[in-house]
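The values are calculated or read from the model by the stated rules, or taken from the named source; none is laboratory data. Keep in mind that what you see is a predicted model, and the values were worked out from it rather than measured. With ideal geometry, Cβ positions are generated from the backbone for all residues, glycine too; neighbour counts draw on all protein chains shown. Just so you know, the surface numbers come from the protein's heavy atoms only, side chains and all, with ligands and any DNA or RNA stripped out. Shrake-Rupley method; radii C 1.70, N 1.55, O 1.52, S 1.80 Å.
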Amino acid sequence: MTAPWDAGRVAIAIDRSQSTPITTQIMSTLRAAIVEGRLRPGTRLPSWLDMAAQLGVSRGTVKAAYEALADELLVYSAGAAGTRVAERAVPRLTEVKPIRIARPLQDLERGFSLKPLPFQMGVPAQDAFPAKLWARLRTRAVRANAMAPVGPTDPRGEPDLRAQIAAQLAITRGICCHPDQIILTTGYKNGLSLTLLALGAHGRTAWVEDPCYPVARMALTIAGLKPVPVPVDGKGIRVDLGVRAAPDAALAIVTPGQQAPTGVTLSPERRRALLAWTAREDAWIIEDDYLSELQLGGRAAPAMAADDPAGRVIHIGTFGKTISPALGLGFVVAPLALAERFGEVAGYLNPAPNVTTQLALTDFLADGHFLRHLRHMKSLYRERRDDLHARLDPSIAVDAFAGLAVIAHLPRGHDDVALAKRAPELGIAPCPLSVWYASPAEARPGLLLCVTNLRKQILDKACDTLAALIDDPAPVHLPARAA
Ligand SMILES: Cc1ncc(COP(=O)(O)O)c(C=O)c1O
């Protein structure tokens, strides 16, 4: 098929004042015309000589542009029949519509890559992140990595980092493990996916806390398991109700340190009951230790993996809260008997995260920065939580300290999801509580107010905006943003 060359559809303008080479200018214009469909497949491009004469450039310049387009399979040389536009080698960009995915937490999060607002969950105190130190450690790590011989790396993660994490876990979480039980991940979700793959529990049921981090419920469903919600009370998950609802479940995902979102610590009796159930039913506990030692109300309870002689607990840790989610680093501690299996799954399906970031974190831990940072974050978050508590409008019923957030309960009938959806227009981003429950319609509505980024300078305005929002279920209009 031959389509005629139509110079009117491809206006090539050469700009000699630009730093972009002329070959690139010609190539970019032709490429855009091909990709956008203005030059149809089969169209014969003018000869090098004709094009060069039209544009007032050398023949070699045009030749180089055509060759570059041929390298991209956009044109081909047809010998005596000249250079022609290839059959659609790439999709027409104009035909590709943006592909939207169902965001895992669409009722909880505002969207991707937006500047955090006051009360927003899942963000650290950006102002307290040791940015200079981290930049220095990363630069050193980039250099070390670039100089190192290139070869396969351990899919479980860098051995030095795993040794450092094992040492920190002994101090902060009471866990005594061998570095080979540790597998580096990109964070909680990656740790969960590795664990579900390694356990091979497809088709089985799994307990989840009710309420719980909504990601856990959906992740189980995507991985082919059936989540069974098990209510939580003031002592944590109701093991008796779990046993009644699904005695033969393959596993339970729990947040024993600080239940998400209520903040309750799993009581010693419930811990024992949960472990006894796993022993009876050959089941597993997936311990989501998302806050690690970041316990604002005193000393953190030891992890469940710290007291697990039978090896039924898979401990998932993350540096997302203790340092920053921007690191994209977490880890799994596999029970000793499963360490080889987890390592193999990592080797085939779940390679370790970026080595440079791992090396920087190794130094951060080894040089004592991590424990110092944790201590600093705990006191800063405690101060921000107390400031918020003191400043919140007395009409707002606050009855719990939940991890790094405060729960503001709303009167029944309030639509917390609608409220949270409207809040960003006013410059705040509280998180609705009801969506953490398996049946949001039956849950008591509330707002989770994360304290991490509540700097003193923005506290007053953020609290006033919140009070106005709760007071007036209809849209409210405040003049300025709180952040
Ligand atoms: C209960 C719970 N688990 C895990 C995570 C996520 O951890 P990561 O930062 O590794 O994605 C969160 C984040 O808010 C959480 O609330």
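Normalised per residue, the accessible area of the chain is 47 Å², obtained with a 1.4 Å probe and no contribution from ligands, DNA or RNA.
Looking at this model, which pairs from LYS115/LYS378; LYS115/LYS189; LYS189/LYS456; LYS378/LYS421; LYS189/LYS226 are more than 26 angstrom apart at the alpha-carbon? Among LYS115/LYS378; LYS115/LYS189; LYS189/LYS456; LYS378/LYS421; LYS189/LYS226, the Cα-Cα distance tops 26 Å for LYS189/LYS456; LYS378/LYS421. When both bridge partners sit in region 129-367, DSSP labels roughly 35% of those beta bridges antiparallel. Calculated FRET efficiency, GLU36 to ALA80, Cβ-Cβ distance, R0 = 25 Å: about 0.30 to the nearest 0.05.
The 3J(HN,Hα) values that the Karplus relation (6.51, -1.76, 1.60; θ = phi - 60°) gives for region 322-329 are, in residue order, 6, 10, 6, x, 5, 5, x, 9 Hz. Gly and Pro appear as x.
Would you work out if region 333-427 is rounded, prolate or oblate? Take a ≥ b ≥ c from the square roots of the eigenvalues of the alpha-carbon gyration tensor; rounded if a/c is under 1.5, else prolate when a/b is larger than b/c, oblate otherwise. In terms of gyration-tensor shape, prolate. Counting only DSSP beta bridges whose two residues both lie in the chain, roughly 60 percent are antiparallel. Each peptide in 441-452, 369-380, 424-435 gets a packing score, the mean of other Cβ atoms within 10 Å over its residues, and the list from highest to lowest is 424-435, 441-452, 369-380.
The charge dipole of the chain, taken about its Cα centre with unit charges on the Cβ atoms of Lys, Arg (+1), Asp and Glu (-1) only, comes to about 980 debye.
Applying the Karplus relation 6.51 cos²θ - 1.76 cosθ + 1.60 with θ = phi - 60° to region 402-407 yields 3J(HN,Hα) values of 10, x, 9, 10, 10, 9 Hz, where x marks Gly and Pro. The simple spin-label model puts a point 7 Å past each Cα toward its Cβ; for THR20 and LYS97 those points are separated by 3.0 nm.
Using a probe of 1.4 Å on the protein chains alone, the accessible area found for THR262 is around 40 Å². Distance from a point 7 Å along Cα→Cβ of ARG422 to each backbone N in region 436-467: keep the residues under 14 Å and list them by number. Of the residues in region 436-467, 465-467 have backbone N under 14 Å from the label point off ARG422. For the chain, the longest principal axis of the alpha carbon atoms and the long axis of helix 369-391 meet at an angle near 70°.
Close amide H contacts of TRP284 (hydrogens built in the peptide plane, cut-off under 5 Å, sequence separation of 5 or more or a different chain): LEU251, ALA252.
Only Cα pairs under 8 Å and 6+ residues apart enter the sum, and on that basis the relative contact order of the chain stands at 17 percent. Per-peptide packing, taken as the mean over residues of other Cβ atoms within 10 Å, places 22-28, 187-193 in the sequence 187-193, 22-28 from highest down. Annotation: amide H-H contacts under 5 Å for GLY446 (H modelled 1.01 Å from N, sequence separation of 5 or more, or interchain): LEU410, ASP416, LEU433, SER434. Rounded to the nearest 10 degrees, the inclination of helix 159-172 to the longest alpha-carbon principal axis of the chain is 30 degrees.
Taking amide H as placed 1.01 Å from N in the peptide plane, the amide H of VAL264 sits under 5 Å from that of GLN259, each at least 5 places away or on another chain. Any idea what angle helix 59-71 forms with the longest principal axis of the chain, computed on alpha-carbon atoms, 0 to 90 degrees, nearest 10? In the chain, helix 59-71 runs at an angle near 40 degrees to the longest axis.
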